[in-house]
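*Asks:* Just dropping this structure here.
Laboratory data are not the source of any read-out in this text; all were calculated from the coordinates shown. Computed from a predicted model, the values in this text were never measured in an experiment. Here the Cβ is made from the backbone with ideal geometry for all residues, glycine too, and neighbour counts use every protein chain on show.
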Amino acid sequence: MKVLKAIFIISLSVLVAACGSSPMIKEESAPNSASKASTSTNTNIVKPSNTGKKSGGYYLDDGPADNAPQDIDSIPDATPRIETPLVRANKPYSALGKSYVPKTGYEPYKQTGIASWYGKRYHGQKTSSGEVYDMFAMTAAHPILPLPSYLRVTNPANKRTVIVRVNDRGPFHSDRIVDLSYAAAYKLRLANTGSGNVEIESVDAATFKTAVAKPLETQPNSTTTSTIAISNNTQYYLQAGAFKSDLNAQKLQERIESLGLANDIDIASVLGKDGFYRIKLGPYNSRQDADSAASNIRKKLAITTLVVNQ
């Protein structure tokens, strides 16, 4: 009887998760929280193994990707820019028996608590904002902050700080305040433990410093005064694959071109500082265009893609 009851409970959890509506309620199946993994009796939770993979406590079908990029630390933080809040994604809603009223615009916001992360189970799926979730992009989920908006997240244990773009809802457990993408958690050194204490602070895109002053070159005896040019134009690029061999990178490039996945977009093999060749596509005029292209390539080639902005 106990066995049948356990099977019924697990089946019911799966059914509830499968029937969720926007905003997507992922918390019943992806806590990625070491604290919950240590207190829950749910048999679906897998503890870190000694296989050499860097992972924290997570559900059986979630966790880090098997083909993660070699240089996650070099993934640039999100660049805050003024964006119009999404009306549909910022309406009041309920999740797991609790009601939430999202903020509809920027306002100072600070919070201290536990951050968790979500990975391959949701990689390529739509977020609450309608964008495609990329576990290797610098993004996050928050219950009430505007979608989209930006957060500065700091790990007080090592003083590491990242800036992420909030484009999803969650977490919906009282012991966690933010769900980070795998890349953000990795850069904060939280990926191995599954969760950890963080400090989060909203970022005002209107006053965020978007450029560094570069002095003009002056000729001898010149009295020219230097000026500062600040550009708010953001362009998005797509990175696909990572190869030690330039030949293999070229083969992927040819494959992408043959499938018509780079029409009207520049594509090139770029050698990174880590010695890996990556296929770079772009620029795309919007994040939505880049996300759509990334999703299309993932579906047709089953490879990891990464959207970056410049």
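*Asks:* Restricting to Cα pairs below 8 Å that are 6+ residues apart, what does the relative contact order work out to for the range 57-198? Please round to a whole percent.
*Replies:* With pairs under 8 Å counted, the relative contact order is 31 percent.
*Asks:* Ordered by packing density, taken as the mean number of other Cβ atoms within 10 Å over each peptide's residues, highest first, how do 121-128, 290-297 rank?
*Replies:* So the peptides 121-128, 290-297, ranked by packing, come out 290-297, 121-128.
*Asks:* Also, quick follow-up: Among K159/K273; K91/K280; K110/K187; K251/K273; K159/K244; K103/K280, which pairs are too far apart, with a Cα-Cα distance over 31 Å?
*Replies:* Violating the 31 Å Cα-Cα cut-off are K91/K280; K159/K244; K103/K280.
*Asks:* Right, here's the next one. So if I place +1 on the C-beta of Lys and Arg and -1 on the C-beta of Asp and Glu, and nothing else carries charge, what would the dipole magnitude of the range 69-161 be about its Cα centre? I want it in debye, nearest 20.
*Replies:* 340 debye
*Asks:* Pop the C-beta distance of L247 and T161 into the FRET formula with R0 = 41 Å and round what comes out to the nearest 0.05.
*Replies:* 0.60
*Asks:* A further question follows. Taking amide H positions as placed 1.01 Å from N in the peptide plane, with prolines and chain starts having none, which residues 5 or more places from R160, or on another chain, fall under 5 Å of its amide H?
*Replies:* Answer set, sorted by chain and number: N155.
*Asks:* Please list 79-92, 96-109, 271-284, 129-142 highest first by mean number of surrounding beta-carbon atoms within 10 Å per residue.
*Replies:* Descending packing order for the listed peptides: 129-142, 271-284, 79-92, 96-109.
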